[in-house]
Amino acid sequence: MPRYVSTRCHCQSTRIQMTAGDRLPSVRQELLDVEKAMQMCETYLGMMGGALKQYKEQLKKKQDLLEALQLAQPQKLDGPKPPPQGPASSFDRESLSAVLEHMHSYEAVQQETLKA
């Protein structure tokens, strides 16, 4: 089940659901912006020096957490492929490769999978 980050819009009472993967690009971009500001000795959101360094560390932790959440989300899998047309083919029950090939070809047909 995907994990969501909820944000509340200040101008409305609508909730926006965003996955970790949705938030990750903006966090990465902000981290780049902070690093650029640090290199140019500029302010970023009114911060400089130690405060900006601390903010960068917090952003890095946020990026790491979002990456971990993204990796923890189950990947969407396609369903079983349809079986070949026509009657089910026969196979050598003593050959492991033949059994596995039959199971793979007929994965959507429970009866054929059980035979294999």
Given the residues E112, E94, which is the only one that is open to solvent by less than 50 Å² (accessible area, probe 1.4 Å), farther than 30 Å from P25 by Cβ and of a type in the set (D, E)?
E112
Is at least one residue of the range 22-31 in contact with a strand residue (DSSP E or B) (Cβ under 8 Å, 6 or more places away or on another chain), at pLDDT below 95, of a type outside the set (D, E) and assigned to a helix (DSSP H, G or I)?
yes
From G46, G79, G86, residue being exposed (fewer than 10 other Cβ atoms within 10 Å of the Cβ) and at pLDDT 85 or above:
G46
Considering every residue within the range 53-62, establish whether at least one is over 15 Å from E30 (Cα atoms), among the acidic types (D, E), free of Cβ contacts under 8 Å to residues at least 40 places away in the same chain and out of contact with any Ser or Thr (no Cβ under 6 Å at 6 or more places or on another chain).
no
Go over the candidates L71, L52 one by one and state the one that is over 26 Å from the mean Cα position of the chain (by Cα) and hydrophobic (A, V, I, L, M, F, W, C).
L52
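The values are calculated or read from the model by the stated rules, or taken from the named source; none is laboratory data. This one's a predicted model, so the numbers in the text were calculated from it and none came from an experiment. No Cβ is skipped: glycine too gets one built from the backbone with ideal geometry, and neighbour counts run over all protein chains shown. Side chains included, ligands, DNA and RNA excluded: accessible areas come from the protein's heavy atoms. Shrake-Rupley method; radii C 1.70, N 1.55, O 1.52, S 1.80 Å.
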